[in-house]
Amino acid sequence: MDTPARLAAIKARLAVPAVAAPMFLVSGPDLVIAACKAGIIGSFPTTNARDVDTLDAWLARIRDECAQVAPWAVNLVVHSTSPRFAQDFACVLKYRPEIVITSLGSPARVVDEVHAYGGLVFADVNSIPFARKAVDAGADGLVLIGAGAGGHAGVLSPFAFVPAVREFFDGPIMLGGAIVGGAGVRAAEVLGADFAYLGTQFIATSESLAPQAYRDMLVAANEDDILLTPHFSGVPANFLKPSIRAAGLDPDHLQTTGRAFVAQGETRAWKHIWSAGQGVRAITSIRSTAEIVANLASEYHAAETKV
Ligand SMILES: Cc1cc2nc3c(=O)[nH]c(=O)nc-3n(C[C@H](O)[C@H](O)[C@H](O)COP(=O)(O)O)c2cc1C
């Protein structure tokens, strides 16, 4: 099957063309399985499993429970400094996910072996030069992360990003960045993407690994509470200001050195300083993943018929 045929086959298995995007310390097997059973692509970063034996057990469970439902994906950090890459990738190859999403580096490290078992490689990129490099490295698809996204956000508006990438790439595109609701999913398609890539909306679910205080903070937050800063991760990422204040820091006066903050005393980036995207206002309660996906699907179909 060629890539367009595979894309059509994947979409036919979905209730709505969306992905529950991988999130460090947030997405685990419960969220992946709930997402796939509800009819969207579920995913998680391998680094959320504390060791390779746990990863093996998670992948076995996901493979068994998602055999008859939507496709699932793993996210691999492919940066050359990633200490877990080799062991995690070996484990991923054992379970053969239909989709492997690479981040923080070139997808070249995984392309041949994922293709050998019939999988597709999507490369997460947040700029046009990185998109070009990923295509040249053999990625089947791209994950375009635009402005306003949770995690390591880009700076490009999706209105600029997608058409610019479509000038040189006609393969599958997932688009992320503050997408909320089914109209946003439809808008991503109208713009030229194939799937919407939603992270933040799935943090405040009953199936996520996020602590209760993080979910509650998301329910209370709006876009004014989001700070794009390189302070905590070394590269720009969106974080919740209330979590920065709770750690005893002033989000308006961070002394950014250019090096990642990583940890200060007991405080750790991502674990205590929490990330969210600009679409946070749409989170008004803690819901099940199934409920979110059902809403996405009905809003998506309503948006399809709008002129
Ligand atoms: C808490 C959090 C952790 C994230 N961790 C990862 C990660 O480990 N790997 C990755 O590729 N992207 C990660 N992301 C980015 C998401 O996969 C996705 O690109 C982003 O959430 C989409 O934007 P949205 O949150 O506005 O929907 C993370 C995002 C958040 C909010």
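The values are calculated or read from the model by the stated rules, or taken from the named source; none is laboratory data. In this text the structure is predicted, and so the values were computed from the model without any measurement. When we count neighbours, we look across all protein chains shown, and the Cβ atoms used for this are built from the backbone with ideal geometry, even at glycine.
For the range 67-87, does any single residue satisfy the condition of being away from the ligand (no atom under 15 Å from the Cβ), part of a helix (DSSP H, G or I) and surrounded by 15 or more Cβ atoms within 10 Å (Cβ to Cβ)?
The answer is no; no qualifying residue exists.
Which one of these is at positive phi and in the same structural domain as Ile40 (by TED's automatic domain parsing): Gly105, Gly119?
From the options Gly105, Gly119, the qualifying one is Gly105.
Residue under question is Thr284, and the condition is that it be modelled with pLDDT of 90 or more, in a loop (DSSP other than H, G, I, E, B) and β-branched (Val, Ile, Thr); does it hold?
Judged against the criteria, Thr284 is a match.
Which one of Leu59, Leu7, Leu31 is in contact with a Phe, Trp or Tyr (Cβ under 6 Å, 6 or more places away or on another chain) and away from the ligand (no atom under 11 Å from the Cβ)?
Leu59
Quickly run through the range 144-158 and pick out the residues that are touching a residue at least 60 places away in the same chain (Cβ under 8 Å), near the ligand (Cβ under 7 Å from one of its atoms) and either β-branched (Val, Ile, Thr) or closer than 20 Å to Ser106 by Cβ (or both).
Within the range 144-158, Gly151, His152 qualify.
Among the candidates Leu144, Leu156, single out the residue that is out of contact with any Ser or Thr (no Cβ under 9 Å at 6 or more places or on another chain), outside any helix (DSSP H, G or I), under 25 Å from Tyr300 (Cα atoms) and assigned by TED's automatic domain parsing to the domain that holds Ala49.
Just one listed residue meets the conditions, Leu144.
For the range 93-117, how many residues meet the condition of being within 20 Å of Arg6 (Cα to Cα) and either modelled with pLDDT under 95 or in a helix (DSSP H, G or I) (or both)?
Selection size over the range 93-117: 10.
For the range 153-204: of the residues being of a type in the set (Gly, Ala, Ser), within 21 Å of Ala139 (Cβ to Cβ) and surrounded by fewer than 24 Cβ atoms within 10 Å (Cβ to Cβ), which is modelled with the lowest pLDDT?
Only one residue tops the list, namely Gly154.
Within the range 12-23, work out how many residues are in contact with a Pro (Cβ under 9 Å, 6 or more places away or on another chain) and buried (at least 16 other Cβ atoms within 10 Å of the Cβ).
3
Which pairs have Cβ atoms under 7 Å, sit 6 or more apart or on different chains, and link a residue in the range 41-69 that is in the same structural domain as Leu7 (by TED's automatic domain parsing) and among the charged types (D, E, K, R) to one that is assigned to a helix (DSSP H, G or I) and surrounded by 14 or more Cβ atoms within 10 Å (Cβ to Cβ)?
Asp56/Cys91; Arg61/Pro29; Arg63/Tyr95; Glu65/Ile33
In the range 170-204, what count of residues is obtained for those that are within 8 Å of the ligand (Cβ to nearest atom) and closer than 20 Å to Thr3 by Cα?
Going through the range 170-204 one residue at a time, the tally reaches 1.
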